[in-house]
Amino acid sequence: MSALDIRGLRKAFGGNVIIPDVTLELEQGLITSLVGPNGAGKTTLFNLITGFLRPDAGVVHYKGRDLVGLTPQKVTRRGIARSFQDLRLFNDMSVFENVLVGQESSLSLWGRKQHYENTEAVLERVGLSAQRDTRASELSYAERKFLNLARIMALDVDLFLLDEPASGLDGPSRQTFHALLRSLKAEGHTVLLIEHNLDIVREVSDRIAFLNKGEVMAFDTPDRIFADDTLTDLYFGTANRKKEASACSS
Ligand SMILES: Nc1ncnc2c1ncn2[C@@H]1O[C@H](COP(=O)(O)OP(=O)(O)OP(=O)(O)O)[C@@H](O)[C@H]1O
Ligand SMILES: [Mg+2]
């Protein structure tokens with residue numbers, strides 16, 4: 001069953017066509033990674049799906065309805081949450097308040113008591129319960145990444161779009177991140193993950209969509225994508241492939 005069905009999506013900025021024609025179908029309950037070089041259009045695709053940008057053409061079908069034209073808040077209410085590449089935390093607020101405020105501004109139908117209980121539960125899940133009263137600005141880098149994740153995991157949605165949530169995480173934090181992704185999947189959620197670290201991509205993905213210059217060049221299982229030299233050459237450049245692959249995984 002498809003969780004999200006994108007057809008003929010197009011976006012240009014001025015005369016610059018960034019997304020010429022994207023068609024992509026996400027399967028329900030799977031983790032799909034969206035990989036591709038810097039500037040390929042990955043974040044732009046998230047912006048188009050979630051109402052932060054309006055496409056010039058195309059449809060984004062979700063639960064049988066087109067999302068195009070909806071505001072970001074309405075997209076969230078339909079059941080899609082996204083995280084941002086640049087963490088958009090409220091630095092002067094506590095960890096607890098950051099998660100709480102995200103839920104309340106999503107126009108959730110839950111009451112305040114449910115929001116409080118849900119916030120406690122999500123902080124426990126991401127390992128930030130002990131820092132619940134700490135200001136976001138005082139957290140470590142990894143803690144800020146997990147707070148960012150907690151803010152959207154707290155939302156009552158089915159589909160998560162995560163824009164580089166694991167970038168810069170060290171080994172132990174990466175393991176925590178993997179465990180969180182697995183738990184989302186075990187609950188039946190669908191995830192679209194933007195990630196540059198190909199070790200992480202290989203480990204967590206059920207499917208990989210390879211985006212290059214705004215086009216989906218390949219959509220397949222990790223084994224098949226990683227076996228395709230054309231794609232790895234496109235990603236790293238032939239000359240630097242081996243050198244950069246090892247740097248990327250270190
Ligand atoms: N609002 C905008 N106006 C003009 N150009 C934009 C806008 N948003 C994105 N672009 C351009 O679109 C291209 C794709 O950008 P995008 O941020 O989607 O890439 P990306 O695949 O997420 O890259 P990265 O891996 O570096 O995050 C870039 O050339 C970028 O400069
Ligand atoms: Mg990006």
Legend entry - Top-ranked residue of segment 1-16 - restricted to ones that are surrounded by fewer than 21 Cβ atoms within 10 Å (Cβ to Cβ) and among the aliphatic types (A, V, I, L, M), ranked as modelled with the highest pLDDT: A12
Inset, instruction - Please determine, by comparing only the residues of segment 17-44 that are polar (S, T, N, Q) and near ligand 1 (Cβ under 9 Å from one of its atoms), which one is farthest from R224 (Cα to Cα). - result: T44
Inset, instruction - Give the residue, chosen from F90, F146, that is more than 16 Å from ligand 2 (Cβ to nearest atom), surrounded by 13 or more Cβ atoms within 10 Å (Cβ to Cβ) and free of Cβ contacts under 8 Å to residues at least 40 places away in the same chain. - result: F146
Legend entry - segment 161-194, residues that are within 16 Å of ligand 2 (Cβ to nearest atom) and in contact with a Leu (Cβ under 8 Å, 6 or more places away or on another chain): L161, L162, P165, L192, L193, I194
Inset, instruction - Among what's in segment 45-77 and is part of a loop (DSSP other than H, G, I, E, B) and among the β-branched types (V, I, T), pick the residue that is nearest to ligand 1 (Cβ to nearest atom). - result: T50
Legend entry - Of all residues in segment 17-44 being open to solvent by 30 Å² or more (accessible area, probe 1.4 Å) and assigned to a strand (DSSP E or B), the one that is farthest from ligand 2 (Cβ to nearest atom): E27
Inset, instruction - Look at segment 185-207 and say how many of its residues are open to solvent by less than 10 Å² (accessible area, probe 1.4 Å) and at pLDDT 95 or above. - result: 5
Inset, instruction - Answer yes if at least one residue in segment 117-140 is hydroxyl-bearing (S, T, Y), part of a loop (DSSP other than H, G, I, E, B) and surrounded by fewer than 16 Cβ atoms within 10 Å (Cβ to Cβ), and no otherwise. - result: yes
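The values are calculated or read from the model by the stated rules, or taken from the named source; none is laboratory data. Source: prediction; values computed, not measured. Here Cβ is always computed from backbone atoms with ideal geometry, including for glycine, and neighbour counts include all displayed protein chains. SASA here: full protein model, heavy atoms, side chains in, ligands and nucleic acids out. Shrake-Rupley method; radii C 1.70, N 1.55, O 1.52, S 1.80 Å.
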